[in-house]
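**Q** Quick one: structure below, then a few questions.
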Amino acid sequence: MTTYHPKLDEHGKPVALKNPNHPSLLSAWNNSSEVATVIPNGTLPNELNGIALTNWSEAPTSHKEWEALAAQSNISEPTFTPPPHKKHAAGVVIEESDGRIWLMSPSNSHGGYINTLPKGQVDSGASLQATAIKEAFEESGLHVALIEFLIDTDRTTSYTRYYRAKRIGGNPADMGWESQAIHLVPRNQLQQYLTHPSDLPLLKLLLKEKA
């Protein structure tokens, strides 16, 4: 039987998941040494590390609202200088207070990614910071606050700025159609999950921070 994502794609069409992920045991969410996984509309504990896991019902719905939210971050960052032929993108490394990192599995391994970090292309007129927060919500269901600039990486088709972020709300089971699973991964297991060559600079940085 074909499994479909509960959310429709940007054209309003259903997304068939060829190889659906499987959720972890609920106990994994409260064990910082375990990988915890949730699928779309999956079951979760009521809270994690003292923060409720509930849908972000008041998420921005317009470009202006996303930019206003990003303006609250008030973080400094270096000049963004991408190569002229690359698309501009922004993403986040969302760190949980227990030390684990949030990853997403793109639906049907889009772009060749089994797992990766939330990111997306910068729309015309949008800021990098607003894009990062927006993509975090759309791809992981999480409401995040940016903490600081992390790294710029030259990827296959984009030049991407990543920010370090923390979860302040949201629900990973509310992930958008572009994601078929959300994972919370201990740093010492990141190498098993971040396997795409484009994620190697991020992986090296995160493992170095742990050392």
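The values are calculated or read from the model by the stated rules, or taken from the named source; none is laboratory data. A quick note: this is a predicted structure, and the numbers were derived from the prediction, not measured. Counting neighbours? That spans all protein chains shown, and the Cβs are built from the backbone with ideal geometry, glycine included.
**Q** Limited to the stretch 1-34, what total is found for residues that are more than 21 Å from N108 (Cβ to Cβ), in contact (Cβ under 8 Å) with a residue 40 or more places away in the chain and either part of a loop (DSSP other than H, G, I, E, B) or touching a Gly at 6+ places or on another chain (Cβ under 8 Å) (or both)?
**A** Residues flagged as more than 21 Å from N108 (Cβ to Cβ), in contact (Cβ under 8 Å) with a residue 40 or more places away in the chain and either part of a loop (DSSP other than H, G, I, E, B) or touching a Gly at 6+ places or on another chain (Cβ under 8 Å) (or both) within the stretch 1-34 amount to 3.
**Q** Determine whether the stretch 120-143 contains at least one residue that is surrounded by fewer than 21 Cβ atoms within 10 Å (Cβ to Cβ), more than 27 Å from N41 (Cα to Cα), among the β-branched types (V, I, T) and at pLDDT 95 or above.
**A** no
**Q** Here are some residues: T43, T79. Which one is of a type in the set (S, T, Y), loosely packed, with under 12 Cβ neighbours inside 10 Å and without any contact (Cβ under 8 Å) to a residue 24 or more places away in the chain?
**A** Details: T43 fails: without any contact (Cβ under 8 Å) to a residue 24 or more places away in the chain.
After applying the criteria, what remains is T79.
**Q** Return only the number of the condition from (1) more than 29 Å from E209 (Cα to Cα); (2) charged (D, E, K, R); (3) loosely packed, with under 14 Cβ neighbours inside 10 Å; (4) more than 18 Å from the chain's Cα centre (by Cα) that E65 does not satisfy.
**A** The failed condition is (3).
**Q** For a quick check of your reading: which strands (runs of 3 or more DSSP E) sit entirely within the stretch 99-211 and have at least 1 residues that are out of contact with any Leu (no Cβ under 6 Å at 6 or more places or on another chain) and under 20 Å from L53 (Cβ atoms)?
**A** Details: elements: 101-106, 119-121, 142-154, 158-170, 179-185.
Output list reads 101-106, 142-154, 158-170, 179-185.
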